[in-house]
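The values are calculated or read from the model by the stated rules, or taken from the named source; none is laboratory data. Bear in mind the structure is a predicted one, so any value in this text is a computation, not a measurement. All Cβ positions, glycine included, derive from the backbone under ideal geometry; neighbour counts span all protein chains shown. We work out accessible area using only protein heavy atoms, side chains counted, and drop any ligands, DNA or RNA first. Shrake-Rupley method; radii C 1.70, N 1.55, O 1.52, S 1.80 Å.
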Amino acid sequence: MPAKDIFHDTVKNALIKEGWIITDDPLYLDYGGVDMYVDLGAEKLIAAQKDQQKIAVEIKTFNRPSLIAEFHSALGQFLNYRLVLENIEPERTMYLAISEDVYEAFFTLVFTQKAVDKYQIKLIIYDTKKEVIKEWKN
(Lines give C-alpha, C1' and ligand atoms only; values in the text may rest on other atoms or scores of the structure.)
Protein backbone atom coordinates (compact mmCIF):
# COMPACT_ATOMS: atom_id res chain seq x y z
CA MET A 1 0.00 0.00 0.00
CA PRO A 2 1.51 3.36 -1.00
CA ALA A 3 2.16 6.16 1.49
CA LYS A 4 -0.39 8.96 1.60
CA ASP A 5 0.52 12.39 0.30
CA ILE A 6 0.69 15.12 2.96
CA PHE A 7 -2.41 16.77 1.43
CA HIS A 8 -4.36 13.53 1.08
CA ASP A 9 -6.87 14.39 3.80
CA THR A 10 -7.08 17.98 2.57
CA VAL A 11 -8.23 16.86 -0.87
CA LYS A 12 -10.49 14.20 0.59
CA ASN A 13 -12.19 16.78 2.83
CA ALA A 14 -12.52 19.24 -0.06
CA LEU A 15 -14.25 16.60 -2.19
CA ILE A 16 -16.62 15.69 0.64
CA LYS A 17 -17.50 19.39 1.08
CA GLU A 18 -18.53 19.43 -2.60
CA GLY A 19 -20.86 16.47 -2.11
CA TRP A 20 -18.59 13.68 -3.31
CA ILE A 21 -18.75 10.30 -1.61
CA ILE A 22 -15.33 8.74 -1.15
CA THR A 23 -15.71 5.14 -2.30
CA ASP A 24 -12.07 4.08 -2.32
CA ASP A 25 -9.13 5.26 -0.23
CA PRO A 26 -7.04 4.22 -2.12
CA LEU A 27 -8.62 3.03 -5.37
CA TYR A 28 -7.04 -0.34 -6.18
CA LEU A 29 -6.43 -1.13 -9.85
CA ASP A 30 -5.41 -4.56 -11.11
CA TYR A 31 -4.78 -4.83 -14.82
CA GLY A 32 -2.46 -6.76 -17.10
CA GLY A 33 -0.50 -8.31 -14.26
CA VAL A 34 0.18 -4.99 -12.52
CA ASP A 35 -1.29 -3.72 -9.24
CA MET A 36 -1.66 0.04 -8.81
CA TYR A 37 -3.23 2.40 -6.28
CA VAL A 38 -4.78 5.75 -7.15
CA ASP A 39 -5.09 7.98 -4.08
CA LEU A 40 -8.90 8.33 -4.09
CA GLY A 41 -11.99 7.06 -5.84
CA ALA A 42 -15.20 9.06 -5.47
CA GLU A 43 -18.67 9.36 -6.89
CA LYS A 44 -21.43 11.93 -6.92
CA LEU A 45 -25.09 11.66 -7.82
CA ILE A 46 -26.10 13.97 -10.63
CA ALA A 47 -29.70 14.74 -9.73
CA ALA A 48 -30.80 16.07 -13.11
CA GLN A 49 -29.60 12.94 -14.88
CA LYS A 50 -30.26 10.47 -12.06
CA ASP A 51 -26.83 9.16 -12.84
CA GLN A 52 -23.53 8.90 -10.99
CA GLN A 53 -20.32 10.64 -11.90
CA LYS A 54 -17.22 8.69 -10.89
CA ILE A 55 -13.71 10.04 -10.55
CA ALA A 56 -10.25 8.83 -9.60
CA VAL A 57 -7.90 11.37 -8.03
CA GLU A 58 -4.13 11.25 -7.82
CA ILE A 59 -2.82 13.83 -5.33
CA LYS A 60 0.60 15.39 -5.86
CA THR A 61 2.44 17.79 -3.57
CA PHE A 62 5.35 18.77 -5.82
CA ASN A 63 7.67 19.07 -2.82
CA ARG A 64 10.81 17.65 -4.43
CA PRO A 65 13.66 20.05 -5.24
CA SER A 66 12.96 19.65 -8.98
CA LEU A 67 9.43 20.52 -10.07
CA ILE A 68 10.07 19.06 -13.52
CA ALA A 69 11.14 15.72 -12.03
CA GLU A 70 7.99 15.70 -9.92
CA PHE A 71 5.94 16.56 -13.00
CA HIS A 72 7.50 13.69 -14.98
CA SER A 73 6.56 11.29 -12.20
CA ALA A 74 3.03 12.69 -11.85
CA LEU A 75 2.45 12.62 -15.61
CA GLY A 76 3.58 9.01 -15.86
CA GLN A 77 1.30 7.93 -13.03
CA PHE A 78 -1.63 9.91 -14.41
CA LEU A 79 -1.29 8.43 -17.91
CA ASN A 80 -0.86 4.87 -16.63
CA TYR A 81 -3.85 5.12 -14.29
CA ARG A 82 -6.00 6.64 -17.04
CA LEU A 83 -4.99 3.82 -19.41
CA VAL A 84 -6.07 1.20 -16.89
CA LEU A 85 -9.32 3.00 -16.06
CA GLU A 86 -10.20 3.24 -19.76
CA ASN A 87 -10.07 -0.55 -19.84
CA ILE A 88 -11.65 -1.57 -16.54
CA GLU A 89 -13.80 1.42 -15.49
CA PRO A 90 -14.35 3.61 -18.55
CA GLU A 91 -17.06 5.59 -16.75
CA ARG A 92 -14.51 6.89 -14.20
CA THR A 93 -12.65 10.13 -15.02
CA MET A 94 -9.03 10.54 -13.94
CA TYR A 95 -7.91 13.78 -12.22
CA LEU A 96 -4.61 15.09 -10.92
CA ALA A 97 -5.01 17.15 -7.73
CA ILE A 98 -2.52 19.95 -7.11
CA SER A 99 -2.45 22.84 -4.67
CA GLU A 100 -3.26 26.37 -5.75
CA ASP A 101 0.35 27.37 -4.98
CA VAL A 102 1.78 24.66 -7.25
CA TYR A 103 -0.68 25.56 -9.97
CA GLU A 104 0.33 29.23 -9.88
CA ALA A 105 4.08 28.51 -9.66
CA PHE A 106 4.39 25.72 -12.22
CA PHE A 107 1.19 24.89 -14.07
CA THR A 108 0.85 28.39 -15.51
CA LEU A 109 4.19 28.04 -17.36
CA VAL A 110 3.94 27.68 -21.14
CA PHE A 111 5.65 24.26 -21.09
CA THR A 112 3.35 22.86 -18.43
CA GLN A 113 0.23 24.27 -20.08
CA LYS A 114 1.26 22.68 -23.39
CA ALA A 115 1.82 19.32 -21.68
CA VAL A 116 -1.51 19.51 -19.82
CA ASP A 117 -3.27 20.29 -23.09
CA LYS A 118 -1.38 17.67 -25.14
CA TYR A 119 -1.94 14.85 -22.64
CA GLN A 120 -5.45 15.99 -21.69
CA ILE A 121 -4.70 16.13 -17.98
CA LYS A 122 -7.74 17.01 -15.93
CA LEU A 123 -6.84 19.03 -12.83
CA ILE A 124 -8.35 19.65 -9.43
CA ILE A 125 -6.83 22.77 -7.89
CA TYR A 126 -7.30 22.97 -4.14
CA ASP A 127 -6.68 25.41 -1.30
CA THR A 128 -4.49 23.73 1.32
CA LYS A 129 -5.61 25.96 4.21
CA LYS A 130 -9.37 26.13 3.62
CA GLU A 131 -9.61 22.52 2.37
CA VAL A 132 -11.74 23.52 -0.60
CA ILE A 133 -11.54 22.97 -4.31
CA LYS A 134 -10.76 26.23 -6.06
CA GLU A 135 -11.16 25.00 -9.62
CA TRP A 136 -11.81 21.98 -11.82
CA LYS A 137 -9.89 22.13 -15.09
CA ASN A 138 -11.15 19.78 -17.77
In this structure, does ASP24 turn out to be charged (D, E, K, R) and farther than 19 Å from LYS134 by Cα?
yes
What tally of residues in region 98-115 results from selecting those that are open to solvent by less than 70 Å² (accessible area, probe 1.4 Å) and either in contact with a helix residue (DSSP H, G or I) (Cβ under 6 Å, 6 or more places away or on another chain) or without any contact (Cβ under 8 Å) to a residue 12 or more places away in the chain (or both)?
3
Of all residues in region 116-127 being of a type outside the set (A, V, I, L, M, F, W, C) and in a strand (DSSP E or B), the one that is least open to solvent (accessible area, probe 1.4 Å):
TYR126
Against the conditions (1) more than 14 Å from the chain's Cα centre (by Cα); (2) not in a loop (DSSP other than H, G, I, E, B), where does LYS130 fall short? Just the number, please.
(2)
Which of the residues belonging to region 50-92 are within 12 Å of LEU27 (Cβ to Cβ) and open to solvent by 30 Å² or more (accessible area, probe 1.4 Å)?
LYS54, ILE88, GLU89
Selection count where residues are open to solvent by less than 80 Å² (accessible area, probe 1.4 Å), over 19 Å from PHE78 (Cβ atoms) and either in contact with a Gly (Cβ under 8 Å, 6 or more places away or on another chain) or free of Cβ contacts under 8 Å to residues at least 24 places away in the same chain (or both), scope region 1-32
2
